[in-house]
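Below: one structure, written as C-alpha cells.
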Amino acid sequence: MKHSIYKTNSLSEKILPDKAKTETWTEEIFKWLFSIGEDYANYSFFLKKEAQLWSELTELLDNVLTDNENRFETANRFFDKLETIHIQLEADLEAVFNFDPAAKSVSEVLIAYPGFFAIAVYRLAHELWIDNVPILPRIMAEYVHSKTGIDIHPGAKIGERFFIDHGTGIVIGETSVIGNDVKIYQGVTLGALTVSKDKAKIKRHPTIGNNVTLYTNATILGGNTIIGDNAVIGGNVWITQSIPAKSLVYHKSEIVIKSKAEFPEPLNFVI
C-alpha cells in the first residue's frame, strides 16, 4: 500500500502544475498588464518583469504539456495576444466606470472592484483555454472564484465591454456565450439543464445577446436558451426557454404589510 501511494504521488507531481505558483503568477501578470505599483514607473522594470513572467509561464506549461518544445511556442503565442487582451480590458474598465454610479475613478475600478479582476483573469485564462492548455486556466479561474465569489469558466465566450456589478455568487458555465455590452449583477447563474457526463461535448449553457441586463439572482439554464438583444431579465427569475429581443422578464411576488395590533399575543410561544 505504501508503495502504491508513493507511486501515485510521484506521478501527480510530474503532470500537475504548482497551484500556489500559478496563483502568484496570475496576480503578478494582472499587475504587470496594468503597471500597478511604484516599480512600474521604471520602464526597465516593466521589461524585466515581462521576461520573468514569460519564463514562469514556460515552467508552469512544462508540467501540463507533453511536448517540451511546445511550451515556448505556447508562451510566445500567449504574450503576443496580451496587447489585444489589454485593449479589451480597457474597454471593460470603461464600461464598469461608466455604468456604476458608485465608481469614483477608473483607478478605483482597477484596484478595488472584484468584478473587474474576475473579468481580467477570465480573459487571460480564456486565451490559454482556446490554445488547448490543460489545467492552468481552471486553476486561474478557481483562484478568482475563491477570492471574489465569481465563478467564470475559462471556456465561456464573452464579448466586449462586459460589466459585472458586485459579483458575489455569479456562475457562468463552460459553454455560455455572452454578447457585447452585457451587464450582470450578483447571484446570476448561467447554467446547464443537465450535468450528465455524456453531454460534456455539447452546448449546455445559454446564449446571452447584446446589450442584455441580468439582474440579481436570475437563473438561466440550457444550451438552447437564447436571451435576445436588448432584453432585461429581472431579479429572481428562473428561465429555461428563449426570450425574444427587447423583452422585459420579471418575477412578481406579493408583499403583505399588516399592523402587529391585528394579531393576538401568542401563548406558549417557543422557538
query: Inside the range 56-83, can you point out the residues that are farther than 14 Å from Asp131 by Cβ and surrounded by fewer than 11 Cβ atoms within 10 Å (Cβ to Cβ)?
result: Thr66, Asn68, Glu69, Glu83
message: I'm trying to understand the selection: among the residues of the range 190-224, which are assigned to a loop (DSSP other than H, G, I, E, B), crowded, with 19+ Cβ neighbours inside 10 Å and out of contact with any Asp or Glu (no Cβ under 6 Å at 6 or more places or on another chain)?
response: Ala192, Arg204, His205, Pro206, Val212, Tyr215, Ala218, Gly222, Gly223
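Tell me, which residue of the range 237-271 that is assigned to a loop (DSSP other than H, G, I, E, B) and at pLDDT 95 or above is surrounded by the fewest Cβ atoms within 10 Å (Cβ to Cβ)?
Going through the qualifying residues, I end up with Gln241.
Does Asp229 satisfy the condition of being at pLDDT 95 or above, farther than 27 Å from Val144 by Cα and not in a helix (DSSP H, G or I)? Give the steps one after another, and end with the answer.
Working: at pLDDT 95 or above: yes; farther than 27 Å from Val144 by Cα: yes; not in a helix (DSSP H, G or I): yes.
Considered against the rule, which asks whether it is at pLDDT 95 or above, farther than 27 Å from Val144 by Cα and not in a helix (DSSP H, G or I), Asp229 comes out as yes.
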query: Across the range 153-176, what is the total count of residues that are out of contact with any His (no Cβ under 8 Å at 6 or more places or on another chain) and among the aliphatic types (A, V, I, L, M)?
result: 3
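Residue-wise test of (1) touching a strand residue (DSSP E or B) at 6+ places or on another chain (Cβ under 6 Å); (2) surrounded by 20 or more Cβ atoms within 10 Å (Cβ to Cβ); (3) more than 22 Å from Ile29 (Cα to Cα).
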site: Pro134; (1), (2), (3): no, no, no
site: Ile139; (1), (2), (3): no, yes, no
site: His145; (1), (2), (3): yes, no, no
site: Gly149; (1), (2), (3): no, no, no
site: Gly155; (1), (2), (3): no, no, no
site: Phe162; (1), (2), (3): no, yes, no
site: Gly173; (1), (2), (3): yes, yes, yes
site: Ser176; (1), (2), (3): yes, yes, yes
message: Restricting to the range 21-37, count the residues that are assigned to a helix (DSSP H, G or I) and under 21 Å from Leu93 (Cα atoms).
response: 8
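The values are calculated or read from the model by the stated rules, or taken from the named source; none is laboratory data. Note that the coordinates shown come from a computational prediction; the quantities given were computed from them, not determined experimentally. Using ideal geometry, Cβ is built from the backbone for each residue, glycine included, and neighbour counts are taken over all protein chains shown.
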